[in-house]
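To keep things clear, I will list the structure first and then write my remarks on it.
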Amino acid sequence: MLPFFFHTDLPALNLVARAVIVYLAVLILLRVSGKRQLGQMGATEFVAVLLISNAVQNSMNGGDNSLGAGLLLATVLVILSAGISYLTYRSDLFSRIFEGSPTLLIHNGKIVRKGLSHEKLSEGELKTLLRKQGIHRIAEIKTAILEADGTLTVVRPDDKPALSSDPQDLTDI
């Protein structure tokens, strides 16, 4: 028998099911919110994440604030995270579903409006990101890609290709 401090008020299976449902729901909400939310979290996004975590806590533990419930929920969340990381590593399909794919924002010095629209990114926000990388003119850019993790990768026309025997083209989106 487990020590008294591992006792939970709710059945363990109930807690596990709640953790899985809440984890997947929050993951979907974050994916829908876009890459920008993940890559460059401002004050409003940070507050939203804090409030979301507080809001879903009770959904997961069902009011069971025992040590056992907390440890069980933490274990389930770590296992879910590791499992999804493994699936995204092993499968391109799972990678696209859970992590997304890169989006072309600038091509040959021209803004790709479809990419901005898809990412719900304004031209002003794009220009801010470019200035942070020391770029002051869009014409200076060969390619700008918003990566799946929300970071911006910029390739200038004068950038030399990497010396590599790898034939795979990293600019393929």
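Each reported figure results from applying straightforward, stated rules to the coordinates on display, with no laboratory input. Keep in mind that what you see is a predicted model, and the values were worked out from it rather than measured. Don't worry about glycine lacking a Cβ; one is built from the backbone with ideal geometry, like all the others, and counts go over all protein chains shown.
Between rounded, prolate and oblate, where does the range 103-155 land on the alpha carbon gyration tensor, with a ≥ b ≥ c its root eigenvalues, rounded for a/c under 1.5, else prolate if a/b exceeds b/c? In terms of gyration-tensor shape, rounded. Note on T153 and R137: the model spin-label points, each 7 Å out from Cα along the C-beta direction, lie 2.6 nm apart. With 0.36 nm allotted per residue and the present C-alpha distance subtracted, the A17-L80 stretch has 21.5 nm of extension available.
Per residue, the average separation of C-alpha pairs within less than 8 Å and at least 6 apart gives the range 120-160 a relative contact order of 28 percent.
Compared with the alpha-carbon gap, the fully stretched path from V49 to E123 is longer by 24.1 nm at 0.36 nm per residue.
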